[in-house]
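The values are calculated or read from the model by the stated rules, or taken from the named source; none is laboratory data. Bear in mind the structure is a predicted one, so any value in this text is a computation, not a measurement. When we count neighbours, we look across all protein chains shown, and the Cβ atoms used for this are built from the backbone with ideal geometry, even at glycine. Ligands, DNA and RNA are stripped out before the accessible areas are found, and what is left, the full protein with its side chains, is counted by its heavy atoms. Shrake-Rupley method; radii C 1.70, N 1.55, O 1.52, S 1.80 Å.
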Amino acid sequence: MTTEEITPQIQKQLNFSALLLKKHAHEVDLESWFGFNLQNEWHLKAAKRLLKYYGIHSGLDLRSKLFEYENGIIASATFEKLAASLRLDTTSSFEAKYKALDNVMLEHNYKLAWKYRFSLKDQKLIGYEMAKYVFLLRLGGILNYVELEEIALRLTEAEALLKNTFTSWGEFHRNVCIGDEFINGRGEQDGSSFPGILTLWECYQRMHITHPNWFKEW
């Protein structure tokens, strides 16, 4: 299953999940189908733990989760609903709403939605959701929840959606980072991650140093 050639085009598509893979493990192999080493018991356990964290225990679970990410149900819908309501506010009325909040996560989400209420009106958090889509697709392949043929077909669809939404790798990665902040909170350690993992913003900076040629041509 893992012997099928990774063409430059497929590698480019797999790279949509590179940031999220780096967030969860330093030693992932970004130039492999799944990122995690199938011969490494610790990697296999980690992959299973991540899938379990997302409630994925079968191929059906995986496809249901992929559907949610692909259709904006996980992040974009929540972000856009809040952003749309805030587009009706003045700075003063927003500040009044913000001061009335008594939940740290809500405060964080309000600040992000206010900041990007116009600039992400069309893009929403599609970059983040599709990065997560490809990330889970690769994880699902580890446990044979999905075959390489289907992975390749889904990667092509993901690329088409992202190419119609973003104009550069930088724009895409910025959306991934914003989405991660919106869902997980600023600086909040993901409970499914391994200890000592960098923030996504830091991973973003390092990715452009270690793989500069990957992110030139969109």
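Looking at Leu88, Leu106, can you tell me which residue is outside any helix (DSSP H, G or I), out of contact with any Asp or Glu (no Cβ under 8 Å at 6 or more places or on another chain) and open to solvent by 50 Å² or more (accessible area, probe 1.4 Å)?
Leu88
Considering each residue of the stretch 160-172, count those that are assigned to a helix (DSSP H, G or I), open to solvent by less than 20 Å² (accessible area, probe 1.4 Å) and under 19 Å from Glu70 (Cβ atoms), and give that number.
Residues flagged as assigned to a helix (DSSP H, G or I), open to solvent by less than 20 Å² (accessible area, probe 1.4 Å) and under 19 Å from Glu70 (Cβ atoms) within the stretch 160-172 amount to 2.
Looking at Tyr128, Tyr98, which one is modelled with pLDDT of 95 or more, touching a Gly at 6+ places or on another chain (Cβ under 6 Å) and outside any loop (DSSP other than H, G, I, E, B)?
Tyr128
Would you pick out the residues in the stretch 25-57 that are assigned to a loop (DSSP other than H, G, I, E, B) and touching a residue at least 24 places away in the same chain (Cβ under 8 Å)?
Ala25, His26, Leu30, Glu31, Ser32, Trp33, Phe34, Gly35, Phe36, Leu38, Tyr54, Ile56
Just to verify a result, which residue in the stretch 5-24, among those that are outside any loop (DSSP other than H, G, I, E, B) and among the polar types (S, T, N, Q), is surrounded by the most Cβ atoms within 10 Å (Cβ to Cβ)?
Ser17
Return only the number of the condition from (1) touching a residue at least 60 places away in the same chain (Cβ under 8 Å); (2) in a helix (DSSP H, G or I) that Glu149 does not satisfy.
Unmet for Glu149, out of (1) touching a residue at least 60 places away in the same chain (Cβ under 8 Å); (2) in a helix (DSSP H, G or I): (1).
Would you check if Lys48 is open to solvent by 80 Å² or more (accessible area, probe 1.4 Å) and of a type in the set (Lys, Arg)?
Criteria met by Lys48.
For the stretch 119-159, how many residues are open to solvent by 10 Å² or more (accessible area, probe 1.4 Å), within 29 Å of Arg87 (Cα to Cα) and in contact with a Ser or Thr (Cβ under 7 Å, 6 or more places away or on another chain)?
Residues meeting the conditions: 3.
Of a type in the set (A, V, I, L, M, F, W, C) and more than 23 Å from His24 (Cβ to Cβ), is that true of Val104?
Yes: the conditions hold for Val104.
Is the stretch 174-192 home to any residue that is farther than 19 Å from Gly35 by Cα, buried (at least 20 other Cβ atoms within 10 Å of the Cβ) and either in contact with a Pro (Cβ under 6 Å, 6 or more places away or on another chain) or polar (S, T, N, Q) (or both)?
Yes: the stretch 174-192 contains one or more residues that are farther than 19 Å from Gly35 by Cα, buried (at least 20 other Cβ atoms within 10 Å of the Cβ) and either in contact with a Pro (Cβ under 6 Å, 6 or more places away or on another chain) or polar (S, T, N, Q) (or both).
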